[in-house]
Each structure stands twice: as structure tokens, then as C-alpha cells.
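Visitor: Handing you this structure, nothing more for now.
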Amino acid sequence: MKLKQLVESAQELDYQIVDRKKNSLSTLQERYQRSLLVVDKNRLEYYPLHSDSSFFFHPSSAVFRIKQFDADGHDPLIAIAQLNEGMTVLDCTLGLGADAIVMSHGVGSTGHVIGLESNPATALIVREGLKQWMEGYEPIVSAMRNITVQKADHLTYLRQCEDNAFDVLYFDPMFEKTVSESIHLDGLRQLANYQPLTEEVLDEAKRVARKRIVLKAHFESELFEQFGFKRTIRKSSKLHYGVMEV
């Protein structure tokens, strides 16, 4: 990351820029009593205060999912969202961005995905990762580059959208149970937004979605029945999808 980008990033997060000078990360955290955002030429890595886990961008499951989709033409999320070339998607709960990358591949170069992330640190790390990460399989790189990250709370953002602004809206609410069962989410625990899905959010989503709203949640979640999503049961996964046609 160039110095100018580093300064802009620090300002965005209200961080102080310090030279590491061979100090250990624990020493710096003890000295400043703040979380650390470590910057090198390859990536940004976030170390929450009083945590043993770090957080950095990686396309994660999107890599094998996109390769599998190109091999056999099927991905559960692309299928249930009925994504096709040229469609627009609003991912209201971006998080690590793996699902957004898959959906971006599903809508192709003429489509577009906007991902909303309310936590400033997560938004910054994922946004820069999507811009800079290199992968040996070019379609994955193209999918990452065709995602726009917005630092925003989804309810606030939805209120500002025009009617029928996106073909598909996607929600993947973060809950303690989901996080506790997913080791690869350890670094995201302190950054995650645990705000529940509400009737108010769904009302705005129904207005903004042109075709459908898709929900991913733990199989024990009551959200599917609570809000009237038609659930697709995945026997091999603890995460199920639900769809609401609008």
C-alpha cells in the first residue's frame, strides 16, 4: 500500500500512523491500547485489542465455488437467487465478501454487485482486498474487481434507494451461533455486526428489490418462518437459503 493510501486509510478509521520499528504487535497494543491495522505491500491485517485472532481479506470459499460452477454450471446461491448475466445485486451484509464474489461471477461483467458493510475496518480491508488480491484463475479476479464496497448500515442505505433499484437483495445476518461454528470467522468476531434482521429492514428491501430477496441463515434460525422466506433445505450444510419473490 502506498503512503497516500495509508494516510487516507488511517483517517478513514481515525487511526494514528506509527512506525513499527521491530516492535512486536503485542508491545504496540500494550503501548497504545488500541487495535492494530498492520499494513504491508501485500495486504492489510487487523488485530483487535485483547484478541489472539487477526482479520485479513481472502476470497475463501469463493475460489472453489466459482471453479466448481464453471465446471458443472451449479452453485446453490446463484441458483436460488436466479442470477444471470447483467443483473444487479445488493449484498446487504458483505462481511468477508465470499458470497458477493460468487454472485458477482453469476451476474458477469455486464452486471454489478454492491456490498454494504457497517464496520469501517471490515469495509476498508475487504474493499482493498477486492481491488488488490491476485488469483491464478482469471474469472475470480474479474468477479472481485466488479464489486463496489460501501461503508454503510443496510437500513440507512436502503432508505436512500429508489424503488426497484436492484434485481436481487441478499442478507446473511451474523449471529453468535454461526460465528462459533466457523473457525475461519474467528478474526471477524469483534468486527461483526450482530444487528438482527427486522420487519423495518424487510419492508425497505421489498421496495428496493425488483425480483427477489435471498436470505442465508443457520438451519435452526427462525428468520425463514418469521419473515415468510421459502426455505431451501441443504442436508449437507448447517446454512440454509430462503427466497422471497417480490
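Visitor: Consider ASP70 against the criteria (1) in contact with a Pro (Cβ under 7 Å, 6 or more places away or on another chain); (2) surrounded by 20 or more Cβ atoms within 10 Å (Cβ to Cβ): it satisfies all of them except one. Which criterion is unmet?
Guide: The failed condition is (2).
Visitor: Which one of these does TYR157 not meet: (1) among the hydroxyl-bearing types (Ser, Thr, Tyr); (2) modelled with pLDDT under 95; (3) not in a loop (DSSP other than H, G, I, E, B)?
Guide: (2)
For every residue, the table says whether it meets (1) under 16 Å from ASN164 (Cβ atoms); (2) surrounded by fewer than 24 Cβ atoms within 10 Å (Cβ to Cβ); (3) at pLDDT below 95; (4) over 16 Å from the mean Cα position of the chain (by Cα).
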{"site": "LEU83", "(1), (2), (3), (4)": "no, no, no, yes"}
{"site": "LEU94", "(1), (2), (3), (4)": "no, no, yes, no"}
{"site": "SER104", "(1), (2), (3), (4)": "no, no, no, no"}
{"site": "VAL107", "(1), (2), (3), (4)": "no, yes, no, yes"}
{"site": "THR110", "(1), (2), (3), (4)": "no, yes, no, yes"}
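Visitor: If we only count helices (runs of 4 or more DSSP H) wholly inside segment 24-84, which ones have 1 or more residues that are within 28 Å of LYS216 (Cβ to Cβ)?
Guide: On the way: elements: 25-32, 62-72, 76-81.
So the answer is 62-72, 76-81.
Visitor: Conditions: (1) surrounded by fewer than 16 Cβ atoms within 10 Å (Cβ to Cβ); (2) modelled with pLDDT of 95 or more. MET244 meets all but one. Number of the miss?
Guide: (1)
Visitor: Any idea which of (1) out of contact with any Phe, Trp or Tyr (no Cβ under 8 Å at 6 or more places or on another chain); (2) surrounded by fewer than 19 Cβ atoms within 10 Å (Cβ to Cβ) is the one GLN150 doesn't satisfy?
Guide: Among (1) out of contact with any Phe, Trp or Tyr (no Cβ under 8 Å at 6 or more places or on another chain); (2) surrounded by fewer than 19 Cβ atoms within 10 Å (Cβ to Cβ), the lone unmet condition for GLN150 is (1).
Visitor: Could you go through segment 164-185 and let me know if any residue there is surrounded by fewer than 19 Cβ atoms within 10 Å (Cβ to Cβ), more than 30 Å from GLU45 (Cα to Cα), over 17 Å from the mean Cα position of the chain (by Cα) and at pLDDT 95 or above.
Guide: Yes: segment 164-185 contains one or more residues that are surrounded by fewer than 19 Cβ atoms within 10 Å (Cβ to Cβ), more than 30 Å from GLU45 (Cα to Cα), over 17 Å from the mean Cα position of the chain (by Cα) and at pLDDT 95 or above.
The values are calculated or read from the model by the stated rules, or taken from the named source; none is laboratory data. Note that this is a predicted model, so its numbers are computed, not measured. Positions of Cβ are backbone-derived with ideal geometry, glycine not excepted, and every protein chain shown enters the neighbour counts.
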